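Only the coordinates and a few stated rules stand behind these numbers; no lab work does. Computed from a predicted model, the values in this text were never measured in an experiment. For neighbour counting, all protein chains shown are included, and Cβ atoms are generated from backbone atoms with ideal geometry for every residue, glycine included.
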Amino acid sequence: MTSRVLNDKDFAGLLQRNQLKVTAPRLGVLKIMADRDSAISQPVLEKLMGAEVDRVTLYRVLKTFEEKGILHKVIDLNGTAHYAICSSNCSEHNHQDEHFHFNCTQCKQVYCLNDMHLPAIHLPEGFEAASVSLSITGVCNHCSKE
């Protein structure tokens with residue numbers, strides 16, 4: 001998800017740049033997500049955070065982060081929303097999350113494939129894309145080793 005190790009100071013700066021208060025639930029979500037190499041669903045995030053945050057607060061944090069361009073939402077094979085950290089190019093008014101997502105059929109993880117080149121998409125005249133969703137289904141590198 002992220003190519004460098006982030007610390008509390010980086011997370012606080014990210015929140016402040018997005019005009020958000022630095023709170024324990026927000027920092028907790030960022031810490032967990034930065035340590036992962038796959039997207040995470042709200043139920044899994046809720047379990048990992050435990051009593052640190054309630055379901056409503058977590059929902060609000062995820063929604064706010066998505067609106068601010070800090071996270072993007074990916075839908076898995078079962079229709080469950082997963083969240084991943086956006087690239088540093090994303091902002092509140094300009095999401096840059098058009099990349100391939102890989103859904104592993106064995107472990108059910110969802111991975112962002114940021115380094116793969118997207119094909120050019122030419123829509124017919126009069127069509128206007130609001131978003132692009134590109135999904136690949138198969139077996140991830142962790143499961144293929146087993």
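Per-residue Cβ neighbour counts within 10 Å put 32, 40, 121 in the sequence 121, 32, 40, beginning with the fewest.
Order of 105-115, 130-140 by packing, highest average Cβ count within 10 Å first? The partial results should precede the final answer.
Working: 105-115: 15.5, 130-140: 11.5.
Ranked from most to least packed, the peptides come out as 105-115, 130-140.
For residue 134 and residue 67, what does the FRET efficiency come to when R0 = 25 Å and r is the distance between their Cβ atoms, rounded to the nearest 0.05? Once rounded, the FRET efficiency stands at 0.70.
With a Förster radius of 41 Å applied to the beta-carbon distance between residue 51 and residue 117, the computed FRET efficiency rounds to 0.40. Taken along the Cα-to-beta-carbon direction at a fixed 7 Å, the label points for residue 22 and residue 10 span 1.5 nm. Mind sorting out which of (1) 26, 16, 14; (2) 25, 20, 14; (3) 48, 14, 11 is the real semi-axes √(5λ) of the Cα gyration tensor in Å computed from the coordinates? Only one option fits the structure, namely (2). Label separation (residue 81 vs residue 125): 3.8 nm, computed from points 7 Å beyond Cα along the C-beta direction.
Projecting the Cα atoms of 100, 23, 135 onto the charge dipole of the chain, computed from C-beta unit charges around the Cα centre, puts 23 farthest toward the positive end. Remark: the chain carries a charge dipole of roughly 500 debye about the Cα centre, counting +1 on each Lys and Arg Cβ and -1 on each Asp and Glu Cβ.
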